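The values are calculated or read from the model by the stated rules, or taken from the named source; none is laboratory data. Here the structure is a predicted model, which is why all the values come from computation and not from measurement. Here Cβ is always computed from backbone atoms with ideal geometry, including for glycine, and neighbour counts include all displayed protein chains. With ligands, DNA and RNA removed, areas are computed over all heavy atoms of the protein, side chains included. Shrake-Rupley method; radii C 1.70, N 1.55, O 1.52, S 1.80 Å.
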Amino acid sequence: MLIGELSRRTGVRTHQLRYYEAQGLLTPCRSAGGYREYTDDAVLTVHQIRKLLGAGLSTDDIAYLLPCVTGPAPDLEPCPELLDALRARLHGLDEHIDTLVRSRQALADYIEATEQRAPKAYPPCDSTQ
C-alpha cells in the first residue's frame, strides 16, 4: 500500500509517517517509481508506535523497544535491557512531575502572598485620563 492508504488506515498524517521512517520506526520498500510501499504489517506497527508515544516514550525509546513489541496492545517481550529502559523513562517522568509540583507550589505561594498585600478594593479604572 502507498503512504496515503497507510495514513487512511491508521489515522496518522503522511508527514508523521515520513517522520517515523526518518526515525527508523517504519521501513517501507520503494517502487520502481520511487514511491513508498508498505506491507499490511505497517498498520499494526503504526498503531504500536502511537500507543508507545502515548505512554510518553520518545521515538528514540521506541526505536530501541520496537523489536520487542508484539500485538496491538502492544505487548512487550520481557528482557533486562527493555525493563531497564522503561524504568529509566519512568524515573525521568517522576523527576519531571516532582519539578512541576514544586513549580506549582512556588507559583501558588507567590499568588497567595501577592493577594495578601493587595488592597481589598481596587479603585475604579478611569479610562479618560
Here FRET efficiency (C-beta to C-beta, CYS79 to ARG102, R₀ 30 Å, nearest 0.05) is 0.30
Enumerate by residue number the chymotrypsin sites (Phe, Trp or Tyr not before Pro) in segment 24-129 meeting two conditions: DSSP loop (anything except H, G, I, E, B), and at most 15 other Cβ atoms within 10 Å of the site's Cβ.
-> TYR35
Which of the helices in the chain, when you take each full DSSP H run, stretch at least 27 Å along the axis at their Cα atoms and have an average Kyte-Doolittle score of -1.0 or higher?
-> 80-117
Can you send over the carbon and sulfur percentage of the accessible area for the chain, probe radius 1.4 Å, protein chains only?
-> 55 percent
D for segment 1-126, whole µm²/s, Stokes-Einstein with Kirkwood Rh over alpha-carbon pairs at 25 °C and 0.890 mPa s: what number?
-> 135 µm²/s
What does the charge add up to near MET1, with Lys and Arg as +1, Asp and Glu as -1, over the other residues with Cβ less than 12 Å from its Cβ?
-> -1
For the chain, what is the relative contact order in percent, using Cα pairs closer than 8 Å and at least 6 residues apart in sequence?
-> 16 percent
For segment 1-112, what is the accessible area per residue in Å², given a 1.4 Å probe and the full set of protein chains?
-> 66 Å²
